[in-house]
Amino acid sequence: MATSSSKRAPTRRKYDVVLYGATGFVGRQTVAYFAGLRPSVHKQVRWALAGRSAAKLNEVKAACGAGASNADVIVADAQDTKALDALARSAKVVLSTAGPFAVFGSALVAACARNGTHYVDITGETPWVREMIDEHEDVASSTGARIIPFCGFDSVPSDLGAWLMNQAMQEMHGEPCASVKSAVTMRGGVNGGTLASGINMLASDAVKDFMQPFLLNPRDAAGLAGLPDDTSVDADPVLPAYDPDFRAWLVPFVMGPINTRVVRRSAALLGYGPQFHYQEYMRMGAGPIAAAAATGFCAGMAWSKFALRVPGVRQVTERLMPGPGKGPSERSMDNGSYRCELVAISPSGKRLRGKIADRGDPGNRATTKMVCEAALCLALQLEDLPQAAGEGGFLTPASGLGDVLVSRLRAAGMTLVAGNEGG
Ligand SMILES: NC(=O)c1ccc[n+]([C@@H]2O[C@H](COP(=O)([O-])OP(=O)(O)OC[C@H]3O[C@@H](n4cnc5c(N)ncnc54)[C@H](OP(=O)(O)O)[C@@H]3O)[C@@H](O)[C@H]2O)c1
C-alpha cells in the first residue's frame, strides 16, 4: 500500500545508503553486492562504505573493482557519537553489519533514531533489540526513522513466510491463520562474527531474556511478562517429534528462539489474529535413522547450551572456532542453500503450504542479498512501503518492508511461495 504520510522522512541526504561494518566478513559481501548491482539500479544509488579503519575500508573498496570506485569512505568508530551523528545525517539509510551488535551497535542505532535516518541490520541478538526498542522507540517515532533489525537469515525467511501465509489464508479462505509452522533444512558454514555474538550473549545476563517467547512484542501486548509453562504452544520446543504434516522428524531449530520472537512482533504490529501461533523446527527426515539422529541432536543441543555457559568450556570453544572477520570459503558459500517449508492452519482447520528457499550460504550469500535488498527498499521505494511504517519506530521486515521486499527478493532469485493447498 502506498503512503505519503511519513512523519518526517529524511530530506535529501548525501548518500542513499551507507554500509557500516563494511570491513567485516558479511560487510565485505555487502560492498561487493552494491558494487555488482545491475547498471540501472547502480546509477540510482549513491552509497558509501563505513567503519573504524580508513586503510581497511580502502582495501575493501579496491577489492570490489570498478563498481565501488565512486563510493566514498567514512570513518566512524562504533563508540564515537559525534562521528556517528555526522554519518547518520549524511545518509538516508544505514545498513549495519558491525556485530556483536550489543557491543558495536547501540550508539549507531541511537544516532539513526535521533537524526531521522532509516536503518537495517543483520542482528539476531533479541535482548539487545529489546533494549534498543525501550530506549529509542519514542525518538525514532518522532523523527520518522524506520529502524528495522533482523534483515538477514534471522529473520527474513521466517517473517516474510508467516506474513505471506497469513495473506494467502485470508485471500483463499477468508480466515486468519491460527498457526504457522516452518521446517528448515540448510547447508552452510558459520562466521566468527556470529559465534562472537552468540558467545557474548551467553556470557551476559541477556541470556535470560533470550528465552522469553514474547520478548519483542510491544509492551502493551499480552504475554510479555513471564515465561509460559513448557506445555504452552508458544514455549520453545526442546524434544524431537514426528510431524505428519511434514512427514518427517523435526527438532528445535537453533534460530527458532530468534525468528519466533520476530514473527510474534509482526503478528502484534500487523494484527494476524487473536489465535495466531508460530513455531519453527529443523527437518531431520523420515525413518528410524532420522529418529535416532533427531534424538542425538536434541541431547547435543541441551548439553551445549549448558556447557557454553561454563567459562572454561566457553574459552576452549572460542579458541577452536573461527575468530571475528573469518568465515566459510567462497566455494562453500556458493554451494550453500536453505529451504523453509511452511504449513498454516486456519481456525476452522483449512491447511495451506508454502516454501521459502534460495541457493547460497544462509548466513552469508542469502543474508547479504536480504539485507541489501531491505536497504534498497528504503532507499528507492519509500513511498511504496506499508502504511504503518510511515510512522517510523522499530519495525520488522514484514511490517516495515512487506511486499516491496518480497518483490525485490523474488527478482533477486529467492523463492517465496505461499498458498498451495493440501496436507
Ligand atoms: N542474521 C544473520 O543471518 C547473520 C549472518 C551472519 C552474521 N550475522 C551477524 O552479523 C554480525 C557480523 O558478522 P561478521 O561475520 O561479518 O563479523 P566480523 O567479520 O567479525 O565483522 C565485524 C565488523 O564489526 C566491525 N567493528 C569491530 N569493532 C568496531 C568498532 N569499534 N567500531 C566500528 N566497527 C567495528 C569490524 O571492523 P574491523 O574490520 O575494523 O575489525 C567488522 O567490520 C555478527 O553480529 C553476526 O552475528 C548475522
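The values are calculated or read from the model by the stated rules, or taken from the named source; none is laboratory data. Note that the coordinates shown come from a computational prediction; the quantities given were computed from them, not determined experimentally. Every residue, glycine as well, gets a Cβ built from its backbone with ideal geometry; the counts of neighbours run over all protein chains shown.
A few notes on this one:
- Residues located in the range 314-333, provided they are within 20 Å of Pro100 (Cα to Cα) and surrounded by 13 or more Cβ atoms within 10 Å (Cβ to Cβ): Arg314, Thr317, Glu318, Met321, Pro322, Pro324, Gly325, Lys326, Gly327, Pro328
- Some residue of the range 7-22 being within 27 Å of Val190 (Cα to Cα), in contact with a Leu (Cβ under 6 Å, 6 or more places away or on another chain), part of a loop (DSSP other than H, G, I, E, B) and assigned by TED's automatic domain parsing to the domain that holds Leu380: yes
- Taking helices (runs of 4 or more DSSP H) as the structural unit, those lying wholly within the range 96-177 and holding at least 2 residues that are away from the ligand (no atom under 12 Å from the Cβ) correspond to 106-114, 126-143, 156-173.
- Filter result (more than 13 Å from the ligand (Cβ to nearest atom) and touching a strand residue (DSSP E or B) at 6+ places or on another chain (Cβ under 6 Å)) within the range 357-394: Ala357, Arg359, Ala375, Leu378, Ala379, Ala389, Gly392, Phe394
- The set of residues in the range 318-327 that are more than 10 Å from the ligand (Cβ to nearest atom) and either touching a residue at least 40 places away in the same chain (Cβ under 8 Å) or among the aromatic types (Phe, Trp, Tyr) (or both) comprises Glu318, Met321.
- Failed criterion for Ala55 (all others in (1) surrounded by 13 or more Cβ atoms within 10 Å (Cβ to Cβ); (2) within 11 Å of the ligand (Cβ to nearest atom); (3) outside any loop (DSSP other than H, G, I, E, B) hold): (1)
- Residue check, Ala357 farther than 30 Å from Tyr15 by Cβ, buried (at least 24 other Cβ atoms within 10 Å of the Cβ) and touching a residue at least 12 places away in the same chain (Cβ under 8 Å): no
- None of Ser346, Ser304 is away from the ligand (no atom under 16 Å from the Cβ), touching a Cys at 6+ places or on another chain (Cβ under 7 Å) and not assigned by TED's automatic domain parsing to the domain that holds Pro397 except Ser346.
- Residue in the range 71-88 that is in a helix (DSSP H, G or I) and more than 16 Å from the ligand (Cβ to nearest atom) present: no
- Any hit, the range 292-299, residues being at negative phi, modelled with pLDDT under 90 and in contact with a strand residue (DSSP E or B) (Cβ under 9 Å, 6 or more places away or on another chain): yes
- Matching entry among Val120, Val103, Val94 (being within 22 Å of Val263 (Cα to Cα) and either among the hydroxyl-bearing types (Ser, Thr, Tyr) or in contact (Cβ under 8 Å) with a residue 40 or more places away in the chain (or both)): Val120
- Residue satisfying all of: in the range 58-70; away from the ligand (no atom under 16 Å from the Cβ) and of a type in the set (S, T, N, Q); modelled with the lowest pLDDT among these: Asn70
- When Ser197 is tested against (1) touching a residue at least 40 places away in the same chain (Cβ under 8 Å); (2) more than 16 Å from Leu216 (Cβ to Cβ); (3) in contact with a Leu (Cβ under 7 Å, 6 or more places away or on another chain); (4) within 14 Å of the ligand (Cβ to nearest atom), just one condition goes unmet, and that condition is (3).
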